[in-house]
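Only one structure is covered here, and it is reproduced in the block below.
The values are calculated or read from the model by the stated rules, or taken from the named source; none is laboratory data. In this text the structure is predicted, and so the values were computed from the model without any measurement. Methodologically, a virtual Cβ is constructed for each residue, glycine included, from the backbone with ideal geometry; neighbour enumeration extends over all protein chains shown.
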Amino acid sequence: MTIYTRKGDDGTTGLLYGGRVRKDSDIPEALGAVDEAQAAIGVARALADGDVHSILTKSAADLWKVMAQIAENPERRSTPTDLPDRVAAIERTIDEVTARFEMPTDFVVPGATALSAYIDVARAAARRAERSAVRAESPAGVVVYLNRLSDLLWALARWTEQDSTLAKDVGAKG
């Protein structure tokens, strides 16, 4: 089995349930943005351990479901999704994570730790993916999921930097 098909050599890509679109159209752009978010989460996950690692792993895996929803031919969308359940699970996780640290009262300057910086990069990628999903007229569950994922990533970044001297100094100097 080869990894290349040559089907996209004409500048198009296939949609789930049939049809092809130009690679520079909104659906492939949204897929690429989600793929970038997933890769950024992977970088952060490589540095994480414990609960943060587990949360990032689940989030990266969820993005396969998001991509499947985006990749469907809009005229044939029919895949049932558990994204509303995943959004509820993310909200519970956000509540659990934010209960573990004192919420910043000022704007946050990313980069207090390497891990928090990478999580913030993933958060920014998730926000871009959300905008791309809106532009691609993705199912509503996709947009809500990506919105909540970026909230979760913000909370994880703040949690991982909670013991950072830099984070405390920046907050104190305000």
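Worth a mention:
- Within the range 82-109, the set of residues being crowded, with 16+ Cβ neighbours inside 10 Å and either basic (Lys, Arg) or under 21 Å from Ala46 (Cβ atoms) (or both) comprises Arg86, Thr93, Val97.
- Whenever a residue of the range 24-48 is over 12 Å from Ala71 (Cα atoms), it has no partner that is at pLDDT 95 or above and assigned to a loop (DSSP other than H, G, I, E, B) lying with C-beta atoms less than 6 angstrom away and at least six residues away or across chains.
- Some residue of the range 89-97 being at pLDDT below 95 and of a type outside the set (A, V, I, L, M, F, W, C): no
- Residues in the range 40-52 that are hydrophobic (A, V, I, L, M, F, W, C) and either surrounded by fewer than 14 Cβ atoms within 10 Å (Cβ to Cβ) or modelled with pLDDT under 95 (or both): Ala46 only.
- Here is the figure for the range 62-80: residues that are surrounded by 16 or more Cβ atoms within 10 Å (Cβ to Cβ), of a type outside the set (A, V, I, L, M) and over 12 Å from Gly18 (Cβ atoms) total 3.
- Selection from the range 94-111 of residues that are of a type in the set (Lys, Arg) and under 18 Å from the mean Cα position of the chain (by Cα): none
- Counting only residues that are at pLDDT 95 or above and out of contact with any helix residue (DSSP H, G or I) (no Cβ under 9 Å at 6 or more places or on another chain), the range 115-174 holds 0 of them.
- Among the residues of the range 16-31, those that are of a type in the set (A, V, I, L, M) and either under 19 Å from Ala126 (Cα atoms) or loosely packed, with under 15 Cβ neighbours inside 10 Å (or both) comprise Ile27, Ala30, Leu31.
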